[in-house]
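Asks: My questions all concern the structure below.
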């Protein structure tokens, strides 16, 4: 910021006034040390040069002391040209020494700017005597190498009204020495104090400078600290002969030293925590170890290097006479070339890593969008029958758009495809100069190819471009040296400790890799990631890597007898945001982690440590300490977030920062959750949402974990939810919004991915998860959300979800077997045709009363298998309703909704169940309506109406009334219900429940046993339906629905016996009178799952029969 003459936003602004101006934004002003008193504030005026600017000025405060970090105090917002006044309260800092920083938000470009004027700050407190104040109350020197020194200078001020004289400076640690510029300070003046730290070793050091003076606060103390270094030492030898090796390069996280003539090394390194330490010498294989480097520690780490016994399969430094290769272009206009100079986009000149020439891309200028160009060597090398490790080395210097434009380092095999390693066989972004890149491609030896040759494939997307790259010294070597990783890693969960075990590395065996395939012979490349557009259609993104096919490949190895296994390193990270740290070193294949906390999640990995280096196991295992609360899927049922006293019981939330949290509310509550200018989630009653989808405009990630759910009794399992999201759609991985699922602490799997802009409101999603959770215990779901700071969508950023639900697919039942001496005849029954759909939330109906009968007799006249009801015909419950004689209430109209498979249903009759308990012989009759209702239960069509009578001659018994529907058809659809209502027409007189009641009452389920499902309720006079909140009525609909579209798979002794048969019988003639067999049947039905990124139309097996 700087002063600039113009009409300012403040009250002193005029043509000769000044204000602070921030061109382009992101500038800041910092105050001197302040001492706020009661009533103090920061006051200033501000405006913008842009009429639509709605950015911010952020006010931060640093309290001087041991934790002198700036904290956010307040933000004020611009409103274009408007002159605004801000007043920020400082009452929280009364009596503290603080520094205030005014930090400006970014503007649209450097031609726009922000103005700030008439900044009023608290007057610092002036003592009537001298008052000594340090500019910093603590000096942290950070890392200083032994036998070197570092100096820090701070301000020492006299903020009093009297002169101050400093008589002495005393350090209690000889490693810290102070020098004062001036010992006499006039009132309201300052001097400088310089402290020099000169450590003799790498220990963590602290100290104090005690200042004696003539002011009342004497003595004052300045705190000093240094975190210390770590000392690494050891010996490096030849693994074959045992002799010491000199001149070995030792690299610990970038700090480098070398061994002396007796193989010893020792040096100080930065305390970088878990650090990769490498030992390197020409003519020997590198040795690599992981160790934890903490300040003040001494770490002893020795290595035995294996002499190289390699075969150079291919080499080119692109010098004269060496393989130059050739360039091919599938898309774009660029090509590779061999050159002596390469110019980056920033104008830097890149020279070869060695020699006089190198391979460059592109041959001139920068590359273009949407290019696919590759370099391929002229010569091939023979790998037929080769054993050992195959390695691809080269020098690389690249500059591309990070994570979107890639160089793939490949070997072209006999099939004409270029193959690369998924883990490190490609690079993107900037290397910052020349680096050496080494790739393990041992798996190529097991791909069935007799020859191979190097290739470098470049693929760019749309949007940003970069310089390209330069490559030199391509080397492919075959080496018998191989370090085998530990075998299968397993963990025991849910205890007070976490036991781990793993298998020893096999002396010979197979290692798996994930490898990618780029077919150089095709004319059309695989697509990029897809996302939904504004119309909900899935379209290919302009940005992102292409989905090249990925397969598993394997490497067979055999270790020489000289391979010496020392032990194992066990690493642990606290899930989900912790970094791996070295937990233990073990010489056996087990470790019990006792340093765990109840309810905490951990990730573990184990490496094998050899004299020659260290190799990690190929998999990470996850664990939880402590037994969680587990609910069954039936008991849990799902979550709609509607309870007035909702709490996140048994849910767990993890956040990368405190910038946002999961909340529950309605659309109004979530109005600001998607950020400035965002589109908040539309109405959806109550739902869960993230309070700030932009995570405070910084990188943000969260996992919201469901309770643990037991699916042991399930075969099929389908998860459903409603979701809403707004993201930065141009970048496929900027905003992740996914529903994950796992079972018993296994790996997370993606169930639903709805991380795209929901321009048309909420989406309804579903996924089949039976292969992950069925017949398993302790399943979990997680809503995973990420946001990349600064990539803010114009529609906002954020996520919300609602109506998390689980269901199964009912299957055939009553499987029976009829055996003879020659065959077995199987038969089964088609699954129930009725199904239920969600309705509006139930409401209480004031007329509804219920009681249990003492000893009702059961009717026996109805015993049908093709009648469908929401209540139980053997229920002991009835309802009683106030009638006209007990007040002026009109008779209620009972209603039930029935859903059937899509298609015509032949109707037969409707049966109304009632109870009569009076000697009065007055006729009991009712008006019955049968019709069609829409998805909300509102009547839209009539099928039949009639007046029916109940037999009430036998007091104190159940009774029924029927309406004949023979010959009538109900055309069932996915969006309609069959509705049945009945309204009493006559009243009976009896003092039940101390009131005159309509008789007969309506038979219902016991609400303490079977909860209401919302499909029994009441109609008003216009046919609008109101679900009952407490009971399910027994109104039976009898008829023949269209059966579900289903075929059958029949299994025998865990093998598929017959597939997709349509009959409900099967004869198995492959039997024996002396052999027992086990049979079961699954239905096979077409199902559609909207998993977010696409819709899957599949044939899905149902639950099995008995």
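Asks: Please verify whether residue 460 is over 30 Å from residue 370 (Cα atoms), out of contact with any helix residue (DSSP H, G or I) (no Cβ under 9 Å at 6 or more places or on another chain), outside the structural domain of residue 568 (by TED's automatic domain parsing) and surrounded by 18 or more Cβ atoms within 10 Å (Cβ to Cβ), treating the condition exactly as stated. I'd like the intermediate steps shown before the answer.
Replies: Details: over 30 Å from residue 370 (Cα atoms): no; out of contact with any helix residue (DSSP H, G or I) (no Cβ under 9 Å at 6 or more places or on another chain): yes; outside the structural domain of residue 568 (by TED's automatic domain parsing): yes; surrounded by 18 or more Cβ atoms within 10 Å (Cβ to Cβ): yes.
Against the criterion (over 30 Å from residue 370 (Cα atoms), out of contact with any helix residue (DSSP H, G or I) (no Cβ under 9 Å at 6 or more places or on another chain), outside the structural domain of residue 568 (by TED's automatic domain parsing) and surrounded by 18 or more Cβ atoms within 10 Å (Cβ to Cβ)), residue 460 does not qualify.
Asks: Do any strands (runs of 3 or more DSSP E) lying entirely in region 280-321 carry at least 2 residues that are surrounded by fewer than 16 Cβ atoms within 10 Å (Cβ to Cβ) and under 42 Å from the mean Cα position of the chain (by Cα), and which ones are they? Walk me through how you get there before you give the answer.
Replies: Numbers: elements: 287-293, 298-300, 303-305, 311-316.
Counting at least 2 such residues, we get 298-300.
Asks: Check residue 780 against each of (1) at pLDDT below 90; (2) in a strand (DSSP E or B) and name the one condition it does not meet.
Replies: Evaluating residue 780 over (1) at pLDDT below 90; (2) in a strand (DSSP E or B) leaves (1) as the failure.
Asks: Residue 828 versus (1) modelled with pLDDT under 75; (2) outside any loop (DSSP other than H, G, I, E, B); (3) within 30 Å of residue 1070 (Cα to Cα): which is the lone unmet condition?
Replies: It is condition (1) that residue 828 fails.
Asks: What is the residue count in region 1011-1031 for residues that are over 18 Å from residue 929 (Cα atoms) and touching a residue at least 40 places away in the same chain (Cβ under 8 Å)?
Replies: Step one: list which residues in region 1011-1031 are over 18 Å from residue 929 (Cα atoms), which gives 1011-1014, 1028-1031.
Filter once more, keeping what is touching a residue at least 40 places away in the same chain (Cβ under 8 Å): 1012-1014, 1028-1031.
Count: 7.
Asks: So, in region 733-788, exactly how many residues are out of contact with any strand residue (DSSP E or B) (no Cβ under 6 Å at 6 or more places or on another chain) and crowded, with 23+ Cβ neighbours inside 10 Å? Show your work before the answer.
Replies: Residues of region 733-788 out of contact with any strand residue (DSSP E or B) (no Cβ under 6 Å at 6 or more places or on another chain): 733-734, 744, 746-747, 759-761, 770-771, 774-775, 788.
If we keep only those that are crowded, with 23+ Cβ neighbours inside 10 Å too, we end up with none.
Residues that pass the stated criteria total 0.
Asks: Within region 344-364, which residues are outside any loop (DSSP other than H, G, I, E, B) and buried (at least 17 other Cβ atoms within 10 Å of the Cβ)?
Replies: If we filter region 344-364 for residues that are outside any loop (DSSP other than H, G, I, E, B), which is where we start, we get 349-350, 358-361.
The answer is 350, 358, 359, 360, 361.
Asks: Now, a different point. Take residue 1095 and decide whether it is over 30 Å from residue 967 (Cα atoms), assigned by TED's automatic domain parsing to the domain that holds residue 869 and surrounded by 11 or more Cβ atoms within 10 Å (Cβ to Cβ). Let's see the steps before the verdict.
Replies: Working: over 30 Å from residue 967 (Cα atoms): yes; assigned by TED's automatic domain parsing to the domain that holds residue 869: no; surrounded by 11 or more Cβ atoms within 10 Å (Cβ to Cβ): yes.
No; evaluated as a whole, the condition is false for this residue.
Asks: Please give the strands (runs of 3 or more DSSP E) falling wholly within region 150-211 in which 3 or more residues are over 12 Å from residue 224 (Cβ atoms).
Replies: Numbers: elements: 150-158, 164-171, 176-180, 189-197.
Once the strands (runs of 3 or more DSSP E) in region 150-211 are filtered for at least 3 residues that are over 12 Å from residue 224 (Cβ atoms), what remains is 150-158, 164-171, 189-197.
Asks: For region 508-533, give me each residue that is surrounded by 12 or more Cβ atoms within 10 Å (Cβ to Cβ) and at pLDDT below 75.
Replies: Passing the criteria: 528, 529, 530, 531, 532, 533.
Asks: Kindly establish whether residue 116 is outside the structural domain of residue 43 (by TED's automatic domain parsing), surrounded by 17 or more Cβ atoms within 10 Å (Cβ to Cβ) and assigned to a strand (DSSP E or B). Can you show your working first?
Replies: Details: outside the structural domain of residue 43 (by TED's automatic domain parsing): no; surrounded by 17 or more Cβ atoms within 10 Å (Cβ to Cβ): yes; assigned to a strand (DSSP E or B): yes.
Spelling it out, it is not the case that residue 116 is outside the structural domain of residue 43 (by TED's automatic domain parsing), surrounded by 17 or more Cβ atoms within 10 Å (Cβ to Cβ) and assigned to a strand (DSSP E or B).
Asks: Additional query: With region 398-453 as the region, which strands (runs of 3 or more DSSP E) entirely inside it contain at least 3 residues that are surrounded by fewer than 22 Cβ atoms within 10 Å (Cβ to Cβ)? I'd like the intermediate steps shown before the answer.
Replies: Numbers: elements: 406-412, 417-421, 435-440.
Qualifying strands (runs of 3 or more DSSP E): 435-440.
Asks: Looking only at region 463-482, count every residue that is crowded, with 24+ Cβ neighbours inside 10 Å and under 37 Å from the mean Cα position of the chain (by Cα) and tell me the total.
Replies: Total satisfying the criteria: 5.
Asks: How many residues are part of a strand (DSSP E or B) and either over 39 Å from the mean Cα position of the chain (by Cα) or under 28 Å from residue 361 (Cβ atoms) (or both) when one looks only at region 384-397? Write out each step before concluding.
Replies: Of all residues in region 384-397, those part of a strand (DSSP E or B) come to 389-397.
Now narrow it down to the ones that are either over 39 Å from the mean Cα position of the chain (by Cα) or under 28 Å from residue 361 (Cβ atoms) (or both): 390-397.
Looking only at that region, the number is 8.
Asks: Can you list the strands (runs of 3 or more DSSP E) lying wholly within region 664-727 that have 2 or more residues being under 30 Å from residue 1102 (Cβ atoms) and in contact (Cβ under 8 Å) with a residue 12 or more places away in the chain? Don't jump to the end; show me each part of the working.
Replies: Values: elements: 687-690, 700-705, 708-710, 718-726.
Output list reads 708-710, 718-726.
Asks: With respect to residue 90, is the statement that it is within 30 Å of residue 155 (Cβ to Cβ) and modelled with pLDDT under 80 true?
Replies: Working: within 30 Å of residue 155 (Cβ to Cβ): yes; modelled with pLDDT under 80: no.
No, not satisfied.
Asks: To continue, here is another question. I need the strands (runs of 3 or more DSSP E) fully contained in region 899-1008, keeping only those with at least 1 residues that are at negative phi and either modelled with pLDDT of 85 or more or not assigned by TED's automatic domain parsing to the domain that holds residue 871 (or both). Before the answer, list the steps.
Replies: Working: elements: 903-916, 924-933, 939-950, 957-964, 969-972, 977-984, 1001-1004.
Passing ranges, in order: 903-916, 924-933, 939-950, 957-964, 969-972, 977-984.
Asks: If a residue must be in a loop (DSSP other than H, G, I, E, B) and closer than 30 Å to residue 303 by Cβ, how many such residues does region 612-632 contain?
Replies: Qualifying residue count for the region: 5.
The values are calculated or read from the model by the stated rules, or taken from the named source; none is laboratory data. Everything quoted here is computed from the prediction, not taken from an experiment. A quick note on method: Cβ atoms are made from the backbone with ideal geometry, for glycine too, and the neighbour counts reach across all protein chains shown.
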